[in-house]
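Down below is the structure, laid out as structure tokens.
The values are calculated or read from the model by the stated rules, or taken from the named source; none is laboratory data. Computed from a prediction, not measured in an experiment: that's the story for all the values here. Please note: Cβ atoms are built from the backbone with ideal geometry, for glycine as well, and neighbour counts cover all protein chains shown. All accessible areas refer to the heavy atoms of the entire protein, side chains included, with ligands and DNA or RNA removed. Shrake-Rupley method; radii C 1.70, N 1.55, O 1.52, S 1.80 Å.
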Amino acid sequence: MALEKIITVSGTGVLVPGSDIDTDRIIPARFMKCVTFDGLGEYLFHDARFDPDGTPTGHPLDNPRFTGASILLSGVNFGCGSSREHAPQALYRFGFRAVIAQSFAEIFFGNCATLGVPCVTARAEDIARLAAAVEADPATEITIDLEAREARWPGGSFAIGQPESAREALTSGRWDPIGELLEASPLIAERAATLPYLAPTAA
Amino acid sequence: MGQSLFEKVWNAHAVKTLSNGQTQLLIGTHLIHEVTSPQAFGMLRDLGLKVKFPHRTFATVDHIVPTDRQEEPFEDPLADAMIRELRANCAEFGITYFDLGSGHQGIVHVVGPEQGITQPGTTIACGDSHTATHGAFGAIAFGIGTTQIRDVLATQTMAMSKPKVRRINVDGELGPGVYAKDVILHIIKLLGAKGGIGYAYEYGGTVFDNFSMEERMTVCNMSIEGGARCGYVNPDDKTYAYLNGRPYSPKGDAWDAAVAGWKAMASDADSVYDDVVNIEASDIAPSVTWGTSPDHGIFIGESIPDPAQAASEEQRVAIEDALAYMKLGAGQPIKGTPIDVAFIGSCTNGRLSDFRETAKYLKGHKVAAGVKAIAVPGSQIVAHLCEQEGLDQVFRDAGFEWRAAGCSMCLAMNPDKLIGDQLCASSSNRNFKGRQGSPVGRTILMSPVMVAAAAVRGEVSDAREVFGI
């Protein structure tokens, strides 16, 4: 399956500060009552962005200075909680193409990877430095370079972390694994035949 | 050098190494539900693919089902569309579906074990992060996203990086009124909400040896709250006794062969782990959360943390933020915090033994005035067994509403929601902001018996004092 090779992601950024930003924050459960992912973007971070009466809270995503940002900056354990792919789908549909954080929850990380959205880690002080540059000039163009393993902008750069398997999948254009999984059909049958509980008569 | 159960199960299900270095892992059992599967079926259709092993795919409906009025169509048209979509997908692809009318419907992590679908030495995937529940049987069970559900539907495999294994020993005796929920809240507090990232947790020690299967499920269920995608307990005679005779358990000669195979899958005595943590059972007291992350736990006799005493700037900010949301005072005792709602249920604590143990103490007590209390069995079978024993009447007599099976107020995708900034004493698994349906609703996690104590007193209480445990 020919997919785009994701080697660099460039765009402007926005900081959503905090630790342990969970998937219920990213997309509250009541917005998951859907049978497609269409339209999820507008509910991204809904309850952090709006008071219960609908008044905007002044969240960074609604600050016109950061409109059009495609790189999200955050803290520790970003995306913890539920396995809902609705969370990365909402980020993607809102316009985000990459996330830089101190660390990521595992299921969220994997869900992003299969959508072609790189999640890269960086040190708190580096993220703070980039966030300060973005705050000073929201038009700051950031480039995440997966091959060079760095994030850079006109005023600086820092090293980024990423598991090799995710880097390889993105940069080689194989971030959606379905093609490669399907190719292994004979091996799957072979392996399944060794496991009695998989026999159609087992139940 | 011996191998852990994780290692053995992984090797037995590894199909090949993918070009990015991940493993293509065979998923023996795929559990699906209405929230995370419809888009996966859509992707499958877009690619012109079929379900590879429909006989190894099992569905139920849990997240969106109303627990009061279940006649269809549901009042909520979106929920109604979701159940119809699941029903149609299962019919089209030949998937076994435990529907509302089947008598076997329930929360997917309650249904799998009670049907005997969940078995030792197997791999299980489900589009739900609490899939680690099935690890209680010595299965390697992962929560997955929707694109991965597509992968498992289409190929019965998925791409995965092999985690490390951390053995967590809890040895000694738990005190009276200390439950499995307290054990996992304590583990999460010690190791942190992200402590388990990159690990599978193997739980063991005398406390787990003595635990019932349902208690083991409670602990494994919340592995993800500690960051671990997978958590398990080695199978033993209790595991086999639980499974024997269940609808999908092997029968006759196949049973004997299966048990022999399961025993061989258990971790070897000389297994080597990437990390080992030892916890003393007598150090654990009834626990509650005070904040908005499951690792914000304290014992019932302790005070709410003071941000001024935080170990780091990051922690100070996190504590302040959580306390502002929870509207709780730094340094104050958590005991005595008034509650508005009491919820007993969920895939963590919605099984027969949870209701049985709670009813034992609740009998003769009344829910405090002004507290809304609901009890929601984890499955139709749990509901039936509770009703056979008259447990439902104990809850009703105390002033609880006795509801039909579903996820209910754990994540409030159905009509069971907090209103405004109501504070809920909850036997569920997540105290995230807005988790229970109101964007400003507040959750305090605890064991079911502690929820009952809070309901009776109208405030967060020590169940040992309330019920003389």
Item to complete: Report, please, the projected area of the protein assembly as shown averaged over directions, based on the convex hull of its C-alpha atoms, in nm².
Response: 27.3
Worksheet item: Size of the dipole of the protein assembly as shown about the Cα centre, Lys and Arg at +1 and Asp and Glu at -1 on the beta carbon, nothing else charged, in debye to 20?
Response: 580
Response to the item:
With the dipole of the protein assembly as shown defined by +1 on each Lys or Arg Cβ and -1 on each Asp or Glu Cβ, the option from A:Ala151, A:Leu15, B:Ser303 whose Cα lies farthest towards the positive pole is A:Ala151
Worksheet entry | Per residue, the convex hull volume that the Cα atoms of the range B:333-431 enclose (Å³) | 105
Worksheet entry | ³J(HN,Hα) computed for each position of the range B:2-13 - Karplus, 6.51 cos²θ - 1.76 cosθ + 1.60, integer Hz, glycine/proline x | x, 10, 7, 4, 4, 4, 5, 5, 4, 5, 5, 10
Worksheet, complete the sentence: Rounded to the nearest 10 Å², the 1.4 Å probe accessible area of B:Met265 is 40
Worksheet item: Suppose R0 equals 22 Å; then what is the FRET efficiency for B:His55 and B:Ala264 from their Cβ-Cβ distance, rounded to the nearest 0.05?
Response: 0.35
Discussion item. Given contacts defined as C-alpha pairs under 8 Å and at least six residues apart, what's the relative contact order of the range B:5-265, whole-number percent?
Written reply: 22
Worksheet, complete the sentence: Taking Rh as the Kirkwood radius computed over alpha-carbon pairs of chain B and applying Stokes-Einstein at 4 °C with viscosity 1.567 mPa s, one gets a diffusion coefficient in µm² s⁻¹ of 58
Discussion item. If each residue of separation counts as 0.36 nm, what is the full-extension length gain between B:Ser282 and B:Glu72 once their alpha-carbon separation is subtracted?
Written reply: 70.6 nm
Worksheet item: HN-Hα J couplings of the range B:390-402 from phi, Karplus 6.51/-1.76/1.60, θ = phi - 60°, integer Hz, Gly and Pro as x?
Response: x, 5, 4, 5, 4, 5, 5, 4, 6, x, 7, 7, 9
Practice prompt. Could you give the size of the charge dipole of the range A:8-175 about its Cα centre, using +1 on the Cβ of each K and R and -1 on the Cβ of each D and E, expressed in debye and rounded to the nearest 20?
Written response: 220
Practice prompt. Work out the P(r) tail for the range B:188-296: percent of alpha carbon pairs separated by more than 25 Å, whole number.
Written response: 31
Discussion item. I'd like the FRET efficiency for B:Met1 and B:Ser212, computed as 1/(1 + (r/R0)^6) with the beta carbon distance as r and R0 of 41 Å, rounded to 0.05.
Written reply: 0.80
Practice prompt. Just add up the charged neighbours of B:Leu5: K/R +1, D/E -1, any other residue whose Cβ is under 10 Å from the Cβ of B:Leu5.
Written response: -2
Fill in: aspartates and glutamates whose Cα lies under 13 Å from that of B:Lys372, excluding same-chain neighbours fewer than 8 positions away
B:Asp340, B:Glu401, B:Asp416, B:Glu459
Response to the item:
Here the net charge surrounding B:Ser447, from other residues whose Cβ is less than 11 Å away from its Cβ (Lys, Arg +1; Asp, Glu -1), is -3
Discussion item. Need the list of lysines near B:Lys52 for cross-linking: C-alpha distance under 22 angstrom, and skip anything on the same chain fewer than eight residues off.
Written reply: B:Lys16
Worksheet item: Which of the listed residues, B:Ile187, B:Gly143, B:Val207, is farthest toward the dipole's positive end in the range B:134-215, when Lys, Arg count +1 and Asp, Glu count -1 at the beta-carbon?
Response: B:Gly143
Worksheet entry | Over 17 Å [Cα-Cα, the range B:386-469], rounded percent | 53
Discussion item. Assuming 0.36 nm per residue, please report the length gained on full extension of the stretch B:Glu465 to B:Gln332 beyond their Cα-Cα distance.
Written reply: 45.9 nm
Response to the item:
Taking N as the number of residues in the range A:8-175, the ratio of its alpha carbon radius of gyration to 2.2 N^0.38 Å works out to 0.98
Worksheet, complete the sentence: Going residue by residue through the range A:38-55, the Karplus relation 6.51 cos²θ - 1.76 cosθ + 1.60 with θ = phi - 60° gives ³J(HN,Hα) values, rounded to whole Hz and with x marking Gly or Pro, of 4, x, 5, x, 5, 9, 3, 6, 3, 7, 8, 8, 10, 5, x, 8, x, 6
Response to the item:
In this structure, the FRET efficiency calculated for A:Glu141 and A:Asp62 from their beta-carbon separation, with R0 = 30 Å, to the nearest 0.05, is 0.85
Discussion item. Tell me the mean residue ellipticity at 222 nm calculated for chain B from its helices only (DSSP H runs of n ≥ 4, each -39500 (n - 2.57), averaged over every residue, nearest 500).
Written reply: -9500 deg cm²/dmol
Discussion item. For a 22 Å ceiling on Cα separation, which of these pairs sit above it: B:Lys189/B:Lys433; B:Lys335/B:Lys366; B:Lys181/B:Lys366?
Written reply: B:Lys181/B:Lys366
Practice prompt. Of the options B:Gly399, B:Ala454, B:Ser426, report the single residue whose Cα projects farthest towards the positive end of the charge dipole of the range B:287-466 (beta-carbon charges: Lys, Arg +1; Asp, Glu -1).
Written response: B:Gly399
Worksheet, complete the sentence: Of all trypsin sites (Lys or Arg not before Pro) in the range B:206-260, the ones in DSSP coil with at most 16 other Cβ atoms within 10 Å are B:Lys251
Worksheet item: Got the relative contact order for chain A handy, in percent, Cα pairs under 8 Å and 6 or more residues apart?
Response: 25
Discussion item. Run through the range B:1-56 and list the trypsin sites (Lys or Arg not before Pro) located in a DSSP loop whose Cβ has at most 16 other Cβ atoms within 10 Å.
Written reply: B:Lys50
Worksheet item: chymotrypsin sites (Phe, Trp or Tyr not before Pro) within the range B:357-438: which are DSSP loop residues with at most 15 other Cβ atoms inside 10 Å?
Response: none
Fill in: Normalised convex hull volume, the range A:105-203, alpha-carbon set, Å³ per residue
143
Item to complete: Report the paramagnetic label zone for B:Glu314: residues of the range B:203-230 whose backbone N is under 18 Å from a point 7 Å from Cα along the Cα-to-Cβ axis.
Response: B:226-228
Discussion item. Just to verify a number: what accessible area does B:Asp209 come out at with the full protein assembly present, 1.4 Å probe, Å² rounded to tens?
Written reply: 90
Discussion item. Given Cα positions, please report Rg to Rh for the range B:5-265, the hydrodynamic radius being the Kirkwood one.
Written reply: 0.97
Worksheet item: Looking at the protein assembly as shown, what % of its DSSP beta bridges pair antiparallel, to the nearest 5?
Response: 30
Practice prompt. Return the long-range amide H neighbours of B:Cys230 (sequence gap of 5 or more, or a different chain), with a cut-off of under 5 Å between placed amide H atoms.
Written response: B:Tyr201
